[in-house]
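The next block holds one structure in the form of structure tokens; read it before the comments.
The values are calculated or read from the model by the stated rules, or taken from the named source; none is laboratory data. Being a predicted model, the structure only gives us computed values, none of them experimental. Heads up, the Cβs are rebuilt from the backbone with ideal geometry, glycines too, and the neighbour counts pull from every protein chain shown.
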Amino acid sequence: MKLLEDRILKDGVVKEGNVLKVDSFLNHQMDINLFNAMGKEFKKLFKDHNINKIVTIEASGICIACIVAQHFDVPVVFAKKTESINLDGAVYSVPVESFTHKRTSNVIVSKKYLQPQDHVLIIDDFLANGCALEGLISIVNSAGATVEGIGIAIEKGFQNGGEIIRGKGIHLESLAIVESMNHETGEILFR
């Protein structure tokens, strides 16, 4: 998606350790017009799938997922990284390692919000090593629901997450795939 690639080139910052900082428009301060364009693109890419629910993971994927859900006219369920007192009843739970935060969290989804009849589109902001997606796929599978596809804003194509997920036969679409980036020069190349 050229609009997203152009925005990454304009405002993205490459940091040491393969970190792409896009917090000025994607995951701290959010450009809702850009998110709306992304939602339209995901709707176009997954129009032939029977989707009745969007699933994402706390926190950065939530806003993108909500805008995408408007285009599909379906609810969003997000996997929580912390248990709270208002989360009652049975839950699906799986440990997920975060590339960005370098820690593992047990992510949880209430069983009442994910059912066997659900056809799910998983949405997230980044795909690096695929751990978050594998956790979400595991939760959807545990519910007996169907993963119809996965939509990612930015995929780090030089890491193996995309290859792992595509290897499972899942329809994965990334709006921008970064082929390489250099923290010394700030150069970002797309696939």
Exercise. List every residue pair whose Cβ atoms lie under 9 Å apart, where the two residues are 6 or more positions apart in sequence or sit on different chains, the first residue falls within the stretch 40-61 and is surrounded by fewer than 22 Cβ atoms within 10 Å (Cβ to Cβ), and the second residue, located anywhere, is among the hydroxyl-bearing types (Ser, Thr, Tyr).
Key: ASN50/THR146; GLU58/THR82; GLU58/SER105; SER60/THR100
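Rundown of residues vs (1) out of contact with any strand residue (DSSP E or B) (no Cβ under 7 Å at 6 or more places or on another chain); (2) of a type outside the set (Asp, Glu); (3) outside any strand (DSSP E or B); (4) on the phi > 0 side of the Ramachandran plot, yes/no style:
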site: ALA65; (1), (2), (3), (4): no, yes, yes, no
site: VAL68; (1), (2), (3), (4): no, yes, yes, no
site: HIS71; (1), (2), (3), (4): yes, yes, yes, no
site: PRO95; (1), (2), (3), (4): no, yes, no, no
site: ILE123; (1), (2), (3), (4): no, yes, no, no
site: GLU163; (1), (2), (3), (4): yes, no, yes, no
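Please determine, by comparing only the residues of the stretch 93-120 that are aliphatic (A, V, I, L, M) and closer than 20 Å to ASN27 by Cα, which one is surrounded by the fewest Cβ atoms within 10 Å (Cβ to Cβ).
VAL96
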Practice problem: Pick out the one residue from GLU134, GLU184 that is among the acidic types (Asp, Glu) and outside any loop (DSSP other than H, G, I, E, B). | Solution: GLU134
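Restricting the search to the stretch 28-60, which residues are in a loop (DSSP other than H, G, I, E, B) and closer than 23 Å to ILE188 by Cα?
Of all residues in the stretch 28-60, those in a loop (DSSP other than H, G, I, E, B) come to 28-31, 46-52, 58-60.
Those that are in a loop (DSSP other than H, G, I, E, B) and closer than 23 Å to ILE188 by Cα: HIS28, GLN29, MET30, ASP31, SER60.
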Quiz item: Which condition breaks for ILE32 when tested against (1) crowded, with 17+ Cβ neighbours inside 10 Å; (2) of a type in the set (A, V, I, L, M, F, W, C); (3) more than 13 Å from the chain's Cα centre (by Cα); (4) at pLDDT 90 or above?
Solution: (1)
Quiz item: Among the residues of the stretch 127-144, is there at least one that is surrounded by fewer than 15 Cβ atoms within 10 Å (Cβ to Cβ), among the polar types (S, T, N, Q) and in contact with an Asp or Glu (Cβ under 8 Å, 6 or more places away or on another chain)?
Solution: no
Exercise. Scan the stretch 165-190 for residues that are farther than 18 Å from ASP125 by Cβ and more than 15 Å from the chain's Cα centre (by Cα) and report the count.
Key: 12
Quiz item: Do any residues in the stretch 151-169 that are within 26 Å of LEU34 (Cα to Cα) and touching a residue at least 60 places away in the same chain (Cβ under 8 Å) have Cβ atoms under 9 Å from those of residues that are part of a strand (DSSP E or B) and of a type in the set (S, T, N, Q), where the two are at least six apart or on different chains, and which pairs are they?
Solution: GLY151/SER174; ALA153/SER174; ILE154/SER174; PHE158/SER180
Self-check item: Residue that is surrounded by the most Cβ atoms within 10 Å (Cβ to Cβ) [pool: residues in the stretch 145-189 that are among the polar types (S, T, N, Q) and within 23 Å of THR104 (Cβ to Cβ)]
Solution: GLN159
Quiz item: In this structure, is THR104 part of a strand (DSSP E or B), at pLDDT below 95 and of a type outside the set (Lys, Arg)?
Solution: yes
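Restrict the check to the stretch 12-27 and report whether at least one residue is surrounded by fewer than 17 Cβ atoms within 10 Å (Cβ to Cβ), part of a helix (DSSP H, G or I) and not acidic (Asp, Glu).
Residues of the stretch 12-27 surrounded by fewer than 17 Cβ atoms within 10 Å (Cβ to Cβ): 13, 15-19, 21, 23-24.
Checking which are part of a helix (DSSP H, G or I) leaves us with none.
No, because not a single residue in the stretch 12-27 is surrounded by fewer than 17 Cβ atoms within 10 Å (Cβ to Cβ), part of a helix (DSSP H, G or I) and not acidic (Asp, Glu).
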